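Have a look at the structure below before the remarks.
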Amino acid sequence: MKKLILVFVLVFTISMTAQEDAEFKSETIEFIKITGATKAFDDAIDQIGNMVSQENKAAYKKEAEATLDALYDEMATLYMGEFTRDEIKELVSFYKSDIGKKLATKQISLAQKGMMMGQSWGMKVQGIAQKYN
């Protein structure tokens, strides 16, 4: 009887943990989506789709979009390794605020412009380094 109760408690605990992990993952995927990632991935699908013939575009787009759930799942696992559930909830709250929504719409553009600035800076530093060779 003790073994049966122990097995029941173990199964119940595993079930509760799995449910909590699923909820955490769902919250994390929500966070990823509201940060503007969906637009970036949709834009990438459209840009890559430019090389697909017009008659195959609909099939391409459907198949490409079907890969997004797995990508969001992988990204959620990555974020869950870096943030606690409470932190993800705080981030979701932030991105649902007016300033968070504004950041989400500008984040990709800012990152791209920042990369260009970083590349330009890197070339300047490379020139300085060459001067000292």
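Observations, loosely collected:
- Distance histogram in 10 Å bins (all Cα pairs of the range 57-98, percent per bin): 25, 33, 27, 15, 0
- Heavy atoms of residue 38: accessible area, 1.4 Å probe, square angstrom to 10: 40
- When the alpha carbon gyration tensor of the range 16-133 is reduced to an equivalent ellipsoid, its three semi-axes come out at 31, 25, 15 angstrom, largest first.
- With distances taken between every two different alpha-carbon atoms, the range 26-83 has a Kirkwood hydrodynamic radius of 12.4 Å.
- Ligands, DNA and RNA are left out, and with a 1.4 angstrom probe the accessible area of the range 18-113 is 69 Å² per residue.
- Highest average first, the peptides 83-95, 39-51, 110-122 ordered by how many other beta carbon atoms sit within 10 Å of their residues are 83-95, 39-51, 110-122.
- Cα-Cα over 26 Å, subset of 33/106; 57/96; 62/101: 57/96; 62/101
- Per-residue 3J(HN,Hα) values for the range 42-55, derived from phi via the Karplus relation 6.51 cos²θ - 1.76 cosθ + 1.60 with θ = phi - 60°, read 4, 4, 5, 4, 5, 5, 5, x, 4, 8, 8, 4, 4, 5 Hz in sequence order (x marks Gly and Pro).
- In this rough spin-label picture, where each label sits 7 Å from Cα along the Cβ direction, the residue 40-residue 62 distance is 2.9 nm.
The values are calculated or read from the model by the stated rules, or taken from the named source; none is laboratory data. Note that the structure is a prediction, hence the values are computed from the model and not measured. Every residue, glycine as well, gets a Cβ built from its backbone with ideal geometry; the counts of neighbours run over all protein chains shown. Surface areas here come from the heavy atoms of the whole protein model, side chains and all, with no ligands, DNA or RNA. Shrake-Rupley method; radii C 1.70, N 1.55, O 1.52, S 1.80 Å.
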